[in-house]
Amino acid sequence: MRRKLVWDRLAEVMRAGREVEGRVLNVVPSGYAVGVAGYVALLPTSQARPGVVQSIGTLQPFYIQKMEAGRRLITLTSWHGNRAAQRATVSAAALYSNIPSIASAE
């Protein structure tokens, strides 16, 4: 239930073109694995800003390029394009803020 709510919130963030915070975890064959709100997302090498690799493990801003619900695949970019005026970072805490805790659901 919780993961679905977080997935839906990430989809809203993607549609709004807002930033999401994530941590580069490691290098993978096609780019970088990035932890975002409990999911491991893909940052293709072609979509990574210079300097992303040097900042492994630190929170960084990313944009969600696409999401595939069936595969639970999130593809990120570190470039934003023409929506720079809409920059509003969504922290991991904000993604979970409106989700009831398991303890309160019981």
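Would you list Val36, Val28, Val6 from fewest to most Cβ contacts within 10 Å?
Ranking Val36, Val28, Val6 by Cβ neighbours within 10 Å, fewest first, gives Val28, Val6, Val36.
Which ordering of Trp7, Trp79 is given by a fewest-first count of other beta-carbon atoms within 10 Å?
Ranking Trp7, Trp79 by Cβ neighbours within 10 Å, fewest first, gives Trp79, Trp7.
By counting other Cβ atoms within 10 Å of each Cβ, how are Tyr39, Tyr32 ranked from fewest to most?
Numbers: Tyr39 16, Tyr32 22.
Ascending number of Cβ neighbours within 10 Å: Tyr39, Tyr32.
Values in this text are rule-based calculations from the coordinates and carry no lab data. Since the model is a prediction, treat every value here as computed from it, not as a measurement. Neighbour counts are summed over all protein chains in view; Cβ atoms, including those assigned to glycine, are modelled from backbone coordinates with ideal geometry.
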